[in-house]
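A quick write-up on the structure given underneath.
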Amino acid sequence: MQRAYIGRFAPSPSGPLHFGSLVAALGSYLDARHHGGHWLLRMEDIDPPRERPGAARDILRTLERFGFEWDGEVLYQSRRDGAYREQLERLLRHHHAFACRCSRREVAAAAHIGTEGPVYPGTCRRDPPQPRPGLAVRLCSDHPEAVAFHDRVCGPVAQWIARDIGDFVIRRVDGIFAYQLAVVVDDAGQGVNQVVRGADLLLSTPRQILLQRLLGLPTPRYAHLPLVLGEDGRKLSKQSAARPVRPERPLEALLAAYRFLGQRFPDTAQPATPEEFWPLALEQWEIARVPVSGIN
Ligand code: GLU
């Protein structure tokens with residue numbers, strides 16, 4: 001028997017909802033509802049220095065005004081420290097993770113450059129200090145083979161984490177749990193089995209799959225949507241003060257996001273209001289029409 005579809009949208013409250021996040025919200029929502037599934041909302045407010053006061057509330061209000069309806073309560077990562085700590089300790093106990101006392105400068109001096117910058121040279125993995133506050137914790141990535149998966153939009157993806165990424169940080173020096181760990185713990189905790197999100201996270205997915213395997217958690221199916229790029233060709237992000245969507249003109253923004261995802265309406269059925277948009281958009285949704293992002 002097929003399990004019920006459980007999808008989610010997981011914005012970081014670093015600013016108001018911009019067009020790129022609207023695209024991720026819309027794609028994940030339509031795919032979930034088209035399959036008769038649940039759509040959960042998770043506020044990724046785990047990194048206070050990057051957050052803007054009031055942004056979480058603002059994002060929720062904007063989603064509501066656009067007509068998104070989520071299931072259950074919003075999950076806030078800022079309240080999940082206990083769950084992250086438990087899994088971190090498990091990884092440490094099984095020697096899948098180690099405390100690291102290397103400074104950024106030491107790492108940079110000894111590392112080669114991988115997909116996302118310096119690849120940790122393994123210094124503390126060989127002789128790790130006792131984990132304590134003030135030390136980062138890294139995941140051991142020394143797996144002999146690549147982690148591969150099939151993305152519903154981008155097709156086959158494989159990454160050799162040991163070579164291209166290295167032992168990545170799962171708890172930072174400042175004590176904050178890293179995104180990679182938090183997202184894996186929460187997707188599993190919320191029962192998420194379908195992840196639809198922006199392609200900026202395509203190359204984070206193998207790290208998340210590795211963590212799922214080490215923690216004995218199920219791996220969801222993944223679909224990575226094309227990124228909305230700014231005029232400078234870089235990803236729109238809330239931090240770079242990308243233009244927020246205008247909640248007072250919902251239909252215009254929804255149609256633009258829908259078209260961006262390669263979707264269309266039949267000539268005879270063009271929605272004229274947001275109320276008309278939703279049922280039509282749901283009926284017509286086809287993930288096969290979503291264009292592949294040029295990121296991989
Ligand atoms: N919080 C991330 C962001 O806003 C998304 C995380 C995810 O979907 O896995 O970019």
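Only the coordinates and a few stated rules stand behind these numbers; no lab work does. These numbers come from a predicted model, not from an experiment. As a convention, Cβ positions derive from the backbone with ideal geometry for all residues, glycine included, and neighbour counts pool all protein chains shown.
In this label model, R259 and V74 are separated by 3.0 nm, measuring between points 7 Å along each Cα→Cβ vector. Residue exposure proxy: S78, S141, ordered by other Cβ atoms within 10 angstrom of their Cβ from fewest to most, comes out as S78, S141. Annotation: cysteines of the chain without a disulfide-compatible partner (Cβ-Cβ under 4.7 angstrom) are C102, C140, C154.
Put a dot 7 Å past the Cα of D164, heading toward its Cβ, do the same for H35, and the two dots end up 2.4 nm apart. Short-range pairs are left out: with C-alpha atoms under 8 Å and at least six residues apart, the relative contact order of the chain is 23 percent. Charged side chains reduced to their Cβ positions (Lys and Arg at +1, Asp and Glu at -1) give the chain a dipole of some 780 debye around its Cα centre. For the chain, adding -39500 (n - 2.57) for each run of n ≥ 4 DSSP H residues and dividing by the number of residues yields -10000 deg cm²/dmol at 222 nm. Counting every other Cβ atom within 10 Å of each residue's Cβ, H150, H96 order from fewest to most as H150, H96. Evaluate E = 1/(1 + (r/R0)^6) for R221 and A146, where r is the Cβ-Cβ distance and R0 equals 25 Å; express this FRET efficiency to the nearest 0.05. It comes to 0.85.
Full extension of the segment from R93 to R289, taken as 0.36 nm per residue of separation minus the current Cα-Cα distance, would add 66.1 nm. Site pair T115 and L229 shows an inter-label distance of 1.9 nm when each label is modelled 7 Å from Cα along Cα→Cβ.
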